[in-house]
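In what follows, a single structure is set out as structure tokens and then discussed.
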Amino acid sequence: MTNTIALAGTFDTKGKEFLYVKELIESLGFQVLTIHTGVFTPQFEPDISNEAIFQAAGENMQAIVTAKDRAKATLALSKGMEVLLPKLYEAGKFAGVLSFGGSGGTSIVTPGMRALPIGVPKVMVSTVASGNIAHYVGTSDIMMYPSIVDVAGLNQISTKIFTNAVFAIAGMLQFKNDQEIEKKPLIAATMFGLTTPCINYAKEYVEKQGYEMLVFHATGVGGRTMESLIEDGFIEGVLDITTTEWADELVGGVLAAGPNRLEAAAKNHIPQVVSVGAMDMVNFGPFETVPEKFSGRKFYKHNPTVTLMRTSVDENKQIGKVIANKLNLAHGSTSLILPLKGLSGLDVEGQPFYGPEEDQMLFHTLKENVDQTKVQVIELEQAINDRAFAEAAAEKLIQLIEKKKGVN
């Protein structure tokens, strides 16, 4: 792969700063592919013009410039980068990408970064990097680096930040890990702290069968990341034990994964075993942040920053219908496995969230709404964290994967 670093940014307003960074990169022995993401004339000649970015987005640059519509220009440039940057990478034009900017510059470049494969070095130095950056990073591996001061001018703070960022991406490209990891078929699994024993048992089982397990923490971004990797074709099978993100999505918790959670495996014909792990809870932050409308509900203070709320009978009915609808998207190779003795470490006899009535509503709703010509429903008289349950789920997934291989 080339030793070129793509340097993307608004060369019309920050030309002096980007020239400083360009020269610093070149002093380390790297080549630079400059990409102008600004609207107006750049202060130096770039390798890739803003007009090329507008064209990639299917937009007329002159019309947008004439209209002086900043929002429309930013949207067009971000769409163009999302299309153009991966094409440049696939053509071997660069090995890593570096950018600097405020909220606008960050919004323009990060969609292109997100479209690059995982593992390609991506460093975004941004004024917004210390805030909520979920919508910039998405499910990618972008390194967001706080700029401390605005990306405006060369001073003793900014030049130090610029230099550290350049050294960071240079190090990612210069140093190689020659240690080979044996490549095994990948199984994706979802876990919560309160379903950890289940996943640990299952992991032990699938690894003995020659598979490698990637575990995703069901915190919203974890579920979205797993779905993204399934879409990208990395995953052989899915052990979706912990679908609790749907409780947050429907009830209003803080760890929702969005309305497309539980779709990727079905749509891409990937074998999956699904359960209802941690569906007994909705997640909030510190207790004082729980919305007033939930006053009087059953809570458990998991730690000082996490408050859990027990799902109700009605909520479990709603959750069951949605999960059934998602599972019904499958074309076979799907099993729903139900732990009849408890959904999490808190939902077993003697624990704070033990709720047979709530759980029975969830189980009943699922069985009533799942299309059992497409989805096999398995009921086990065990709690989710019992070794027997975990191994049964893992064994079923291996069977589905091997069956699919036999068909193919």
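The values are calculated or read from the model by the stated rules, or taken from the named source; none is laboratory data. Just so it is clear, the structure is predicted and the values come from calculations on it, not from any experiment. As a convention, Cβ positions derive from the backbone with ideal geometry for all residues, glycine included, and neighbour counts pool all protein chains shown. Remember, those area values only see protein heavy atoms, side chains included, never the ligands or the DNA or RNA. Shrake-Rupley method; radii C 1.70, N 1.55, O 1.52, S 1.80 Å.
Applying the set (1) under 23 Å from the mean Cα position of the chain (by Cα); (2) not in a strand (DSSP E or B) to VAL206 leaves exactly one unmet item: (1).
Residue count for the stretch 359-391 satisfying the condition of being more than 20 Å from ALA202 (Cβ to Cβ) and open to solvent by 40 Å² or more (accessible area, probe 1.4 Å): 10.
Considering only the stretch 323-340, I want to know if a residue exists there that is more than 25 Å from the chain's Cα centre (by Cα), over 27 Å from SER228 (Cβ atoms) and among the small types (Gly, Ala, Ser). Taking every residue of the stretch 323-340 in turn, none turns out to be more than 25 Å from the chain's Cα centre (by Cα), over 27 Å from SER228 (Cβ atoms) and among the small types (Gly, Ala, Ser).
Residues are listed down the side, and each one gets a yes or a no for (1) touching a strand residue (DSSP E or B) at 6+ places or on another chain (Cβ under 8 Å); (2) among the polar types (S, T, N, Q):
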position	(1), (2)
SER344	yes, yes
GLN351	no, yes
ASN369	no, yes
ASN385	no, yes
ILE398	yes, no
ILE401	yes, no
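Going through the stretch 304-357 one residue at a time, which ones are among the acidic types (Asp, Glu) and farther than 27 Å from LEU397 by Cβ? ASP314, GLU315, GLU349, GLU357, listed by residue number.
Taking the stretch 131-160 as the range and being in a helix (DSSP H, G or I), β-branched (Val, Ile, Thr) and buried (at least 18 other Cβ atoms within 10 Å of the Cβ) as the test, only VAL137 passes. Listed by position, the helices (runs of 4 or more DSSP H) contained in the stretch 210-315 that have at least 1 residues being in contact with a helix residue (DSSP H, G or I) (Cβ under 6 Å, 6 or more places away or on another chain) and closer than 29 Å to GLU357 by Cβ are 221-231, 245-251. Might you check whether a residue that is more than 20 Å from the chain's Cα centre (by Cα), closer than 28 Å to HIS217 by Cα, in contact (Cβ under 8 Å) with a residue 60 or more places away in the chain and open to solvent by 50 Å² or more (accessible area, probe 1.4 Å) occurs anywhere in the stretch 162-173? Scanning the stretch 162-173, I find at least one residue that is more than 20 Å from the chain's Cα centre (by Cα), closer than 28 Å to HIS217 by Cα, in contact (Cβ under 8 Å) with a residue 60 or more places away in the chain and open to solvent by 50 Å² or more (accessible area, probe 1.4 Å), so the answer is yes. Checking PRO304, PRO259 one by one, the residue that is open to solvent by 10 Å² or more (accessible area, probe 1.4 Å) and either within 19 Å of LEU194 (Cβ to Cβ) or in contact (Cβ under 8 Å) with a residue 60 or more places away in the chain (or both) is PRO304 and no other. If you go through the stretch 107-114 one residue at a time, do you hit one that is within 18 Å of ALA165 (Cβ to Cβ), open to solvent by less than 40 Å² (accessible area, probe 1.4 Å) and free of Cβ contacts under 8 Å to residues at least 40 places away in the same chain? Checked against the condition, which is being within 18 Å of ALA165 (Cβ to Cβ), open to solvent by less than 40 Å² (accessible area, probe 1.4 Å) and free of Cβ contacts under 8 Å to residues at least 40 places away in the same chain, the stretch 107-114 yields at least one hit. Within the span defined as the stretch 121-130, every residue fails to be open to solvent by 20 Å² or more (accessible area, probe 1.4 Å), closer than 16 Å to ALA8 by Cβ and either among the aliphatic types (A, V, I, L, M) or within 12 Å of the chain's Cα centre (by Cα) (or both). Is it true that some residue in the stretch 196-213 is over 30 Å from SER27 (Cα atoms), of a type in the set (Gly, Ala, Ser) and either modelled with pLDDT of 95 or more or open to solvent by 30 Å² or more (accessible area, probe 1.4 Å) (or both)? Yes - at least one qualifying residue is present in the stretch 196-213.
Could you check, for the stretch 334-345, whether at least one of its residues is in contact (Cβ under 8 Å) with a residue 24 or more places away in the chain, hydroxyl-bearing (Ser, Thr, Tyr), within 25 Å of GLY253 (Cβ to Cβ) and part of a strand (DSSP E or B)? So far as the stretch 334-345 goes, no, none of its residues is in contact (Cβ under 8 Å) with a residue 24 or more places away in the chain, hydroxyl-bearing (Ser, Thr, Tyr), within 25 Å of GLY253 (Cβ to Cβ) and part of a strand (DSSP E or B). Residues in the stretch 320-339 that are surrounded by fewer than 18 Cβ atoms within 10 Å (Cβ to Cβ), over 13 Å from LYS367 (Cα atoms) and in contact with an Asp or Glu (Cβ under 7 Å, 6 or more places away or on another chain): LEU329 alone. Counting only residues that are modelled with pLDDT of 95 or more and in contact with a Gly (Cβ under 6 Å, 6 or more places away or on another chain), which one in the stretch 57-99 is nearest to ALA170 (Cα to Cα)? Residue satisfying both the conditions and the ranking: SER99.
Contact annotation: residue pairs with Cβ atoms under 6 Å, 6 or more positions apart or on different chains, pairing a residue in the stretch 212-223 that is free of Cβ contacts under 8 Å to residues at least 60 places away in the same chain with a partner that is part of a strand (DSSP E or B) and of a type in the set (S, T, N, Q), are PHE216/THR190.
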